[in-house]
Amino acid sequence: MKIQDACLPCIVSQAVRCAKQICESKRPAFYRAVFAKLAALDFEQPAPAAIGDIYRLVKQTVCTEDPYAELRQKVNARLLAEIPALAQRIDQAADPFAEALWIDALANGFDFNPIHHPNFEQMLNNFHASLTLAFTEDQTEALRQDCLQSETLLMLGDNFGEVVIDRLLLEQIHQLNPKLNLIYAVRGAPVVNDVIKADASQAGIGQFARILSNGDDALGTLLSRTSAEFRAVYDQADLLLCKGQANFECLVDVPEKNRYFIMKVKCTVLAKRTKQTLGSLVCLHYPEAKQHNVQR
């Protein structure tokens, strides 16, 4: 999905918000470097490529590989405390697989990207308050059948915090089809609040899936920049489960894979492309499948 006109203000706004991590005396040089990058922007690439480049400049300027290191550990730990109650809710549901998928989509609201004015307690309150919100596009049944019929599922993670809830879905997928080879992909290096190996390990993903780095430091999954190891797994997988907007932007126009996108619709560009309203909760299937509705 190419960069859209409406993406440009968000990219610039993200740079300004990221600059809050930089001491004031170094910000002018940072901004000059950012605008030099933007002057050479490749409009054929998805927006996550540009944001990854900007965040690389942040890390170079503050001389820290992961400015979110402390926050990611705290948020993961806090959400791990939520797991027993959520697991009980899933176990008691009439359809545990559908319940886990729906809760995992809600967890896409745990987003510490600066553009979203992040406040963890507010996110947690919103998560609990949204536990009655339904999918506006629901391909749960199609995904269930694909999980039963596939050999290898590659799940592309999105953010820290959210990864903790991903584990609950992976557990249900494993129970649905114990023979399914489950692989969970993370970023190759810290980039904003995207998930890395440390998050997946802390979340316990390894209990149900192999954790795999994609070898890149951009948001989402830019296939041309991923490692040979990741690309080999990607090519072999017959089912993709993609979390979040950045993965949607990177992969929605890649036609050769049976893929599902699980996310909240967080911006107008995404709303227009998916034909969903802002704030919608979706499980989208590409190539498109017949609509299946799960009653809550």
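Before moving on, here are some points about what is shown:
- Within-13-Å neighbourhood charge of Q172 [Cβ basis; K, R +1; D, E -1]: -3
- Applied to the range 245-254, the Karplus parametrisation 6.51 cos²θ - 1.76 cosθ + 1.60 on θ = phi - 60° returns per-residue 3J(HN,Hα) values of 5, 4, 5, 4, 4, 7, 10, 4, 9, 8 Hz, with x for Gly and Pro.
- A Förster radius of 25 Å, combined with the Cβ-Cβ distance separating D235 from Q149, puts the computed FRET efficiency at roughly 0.85.
- Set K179/K266; K26/K197; K20/K272; K2/K266; K197/K243; K20/K266 screened for pairs whose C-alpha atoms are more than 25 Å apart: K179/K266; K26/K197; K20/K272
- Think of the chain as a dipole: +1 on every Lys or Arg Cβ, -1 on every Asp or Glu Cβ, centred on the Cα centre; then among A81, A200, L270, L270 lies furthest on the positive end.
- Stretch gain in nm, segment R17-L71, where the contour uses 0.36 nm per residue and the Cα spacing is subtracted: 17.8 nm
- You can think of it this way: the chain between K272 and F43 has 80.6 nm of extra reach, that is 0.36 nm per residue less the Cα-Cα gap.
- All C-alpha pair distances within the range 98-253, sorted into 10 Å bins from zero, spread as 11, 42, 38, 10, 0 percent across the bins.
- For the peptides 154-161, 186-193, the ranking by packing is 154-161, 186-193, with the highest mean count of neighbouring Cβ atoms within 10 Å listed first.
- Unit charges on C-beta of K, R, D, E only; dipole of the range 69-286, Debye: 260 debye
- Placing a label point 7 Å from the Cα of Q60 along the Cα-to-Cβ direction, the residues of the range 30-47 whose backbone N falls under 18 Å of that point are 30-42.
- Looking at the chain, the DSSP beta bridges with both ends there are about 25 percent antiparallel.
- Dipole of the chain [Lys/Arg +1, Asp/Glu -1 at C-beta], most positive-end residue of T152, C18, L169: C18
- Taken as Cα centroids, the range 180-256 and the range 84-159 sit 17 Å apart, rounded to the nearest whole angstrom.
- Among 83-89, 52-58, 243-249, 144-150, sorting by the average number of other beta carbon atoms lying within 10 angstrom of each residue, highest first, gives 243-249, 52-58, 144-150, 83-89.
- Shown for Y286, Y260: other C-beta atoms within 10 Å of each C-beta, ranked fewest to most, produce the order Y286, Y260.
- Seen against the Cα atoms of the chain and their longest principal axis, helix 7-18 is set at about 70 degrees.
- In this structure, the amide hydrogen of N181, modeled 1.01 Å from its nitrogen in the peptide plane, lies closer than 5 angstrom to those of T152, L153, counting only residues at least 5 positions away or on a different chain.
- Karplus-based coupling profile of the range 228-234, in residue order and whole Hz: 4, 5, 5, 5, 5, 5, 4, with θ = phi - 60° in 6.51 cos²θ - 1.76 cosθ + 1.60 and x standing for Gly or Pro.
- The label-point distance for Q175 and L223, in a model that sets each label 7 Å from Cα toward Cβ, rounds to 3.4 nm.
- Within the range 159-205, the proportion of C-alpha pairs whose separation exceeds 17 Å stands at 34%.
We did not get these values from a lab; they are worked out from the coordinates using the rules stated. This is a predicted model, so every value here is computed, not measured. Counting neighbours? That spans all protein chains shown, and the Cβs are built from the backbone with ideal geometry, glycine included.
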